[in-house]
Amino acid sequence: MDVKAECKKVAPAFVRRTDRFIQLGLLGTASIKEQKTLDKNTALFMISGQGNLSVFNRLCQQRYLEEVPPKPVDFINSLSNTAGFYIAKFLDLESKNLNLAQQGFVIENALLLANANLSSKREDRILLGGVDERVDVNNNPHGYLDLPTETALGEGSNWMLLSANKQDALATVDVLTLAFDSAGVIEYVNNQVEVTHVAFGQRMPNSCSELILSSINIPPFECNEVADFYETNGLFVLNSYIKSKQGCLAYIDYFNDIYRVITLNVV
């Protein structure tokens, strides 16, 4: 997809000084902008698996191979929260702007951080978004992401609005702080009588998800479209389940032989 061309259609004033990573974030929030319902005091929490890796690579190219100073726009866009700054400006937000990038459980940790801010009443509403740009093949993406070489790589920009107030909520979300092994996560899910579907993080090997499915009597949630791998794809799955207006989803994530669970209950 020509991200720049699409971004020009919805945010033409923001294209000149942004790069593809930031433009993905802008595109993901375009429908929110159109609705004109977001309070200016809404906090922005942006998460990513690897952040703006493309601009980092360009800076290395300029500094060490071309031996020239970094281009000003690239230098500015290399800051961790620059993407959040542009997105907040695009949405006319004036509150807290945080960035979190890590491999493995980035969605879980961001939701726990959001919950701490909402529960302590430091924030009334938080717009949580995950943005990941497809890693260029020349940068050894499978090695960097620690994935099998046959894994198809994708990209995405997915957002959800969080609040401690249940009024007008589409769903409730709960993140366990506990970490499980395979036996523990099976036991936990089997004890949750309200769970009607399960879904699995993209890092989970097929053998692990098949073991879990064979040990529980709960059907998997099948998204309408199969997305290639990107770290924050779990937000796409959660949003898809909300749109499906079904029951209660247990989203089981996996990283380094550890399992964690997000429970999403559609109101």
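General remarks:
- Qualifying GluC sites (Glu not before Pro) for the stretch 1-93 [loop in DSSP, other Cβ within 10 Å: at most 16]: 66, 67
- Projected onto their three principal axes, the Cα atoms of the stretch 141-258 cover extents of 45, 33, 27 Å, largest first.
- Beyond 20 Å in Cα-Cα separation lie the following of the pairs 9/33; 4/36; 121/166; 89/121; 9/36; 36/245: 4/36; 89/121; 36/245.
- Under conditions of 25 °C and 0.890 mPa s, the stretch 1-126 yields 156 µm² s⁻¹ as its translational diffusion coefficient, taking Rh as the Kirkwood radius over Cα pairs in the Stokes-Einstein equation.
- Sites residue 138 and residue 17 - FRET efficiency at Förster radius 25 Å, r taken between beta-carbons, to 0.05: 0.50
- Residues residue 2 and residue 172, FRET efficiency given R0 of 35 Å [Cβ-Cβ distance, rounded to 0.05]: 0.40
- Beta bridge orientation in the stretch 123-267: antiparallel %, DSSP, nearest 5: 80
- The fraction of Cα-Cα pairs per 5 angstrom bin, counted from 0 for the chain, comes to 1, 5, 12, 16, 18, 16, 13, 9, 5, 2, 1, 0, 0 percent, rounded to whole percents.
- Computed from backbone phi with θ = phi - 60° and the Karplus coefficients 6.51, -1.76 and 1.60, the 3J(HN,Hα) list for the stretch 59-65 is 4, 5, 4, 5, 6, 9, 9 Hz; x is used for glycine and proline.
- On full extension, the segment bounded by residue 245 and residue 163 gains 27.6 nm, given 0.36 nm per residue less the C-alpha separation.
- Expected 222 nm ellipticity per residue - DSSP helices of 4 or more, -39500 (n - 2.57), all of the chain, to 500: -10000 deg cm²/dmol
- Scattering curve values for the stretch 80-194, log₁₀ I(q)/I(0), Debye with Cα scatterers, q = 0.19, 0.24 Å⁻¹: -1.20, -1.38
- Of the beta bridges in the chain, as assigned by DSSP with both residues counted there, near 60 percent are antiparallel.
- Structure remark: mean-square fluctuation, Gaussian network model of the chain, C-alpha springs under 10 Å; the largest value among 175, 68, 195 belongs to 68.
- Relative contact order, whole percent, for the chain stands at 21, derived from Cα pairs under 8 Å and 6 or more residues apart.
Rule-based calculations on the coordinates, nothing more; no lab input. Bear in mind that the values here come from a model prediction, so they are computed numbers and not experimental data. Using ideal geometry, Cβ is built from the backbone for each residue, glycine included, and neighbour counts are taken over all protein chains shown.
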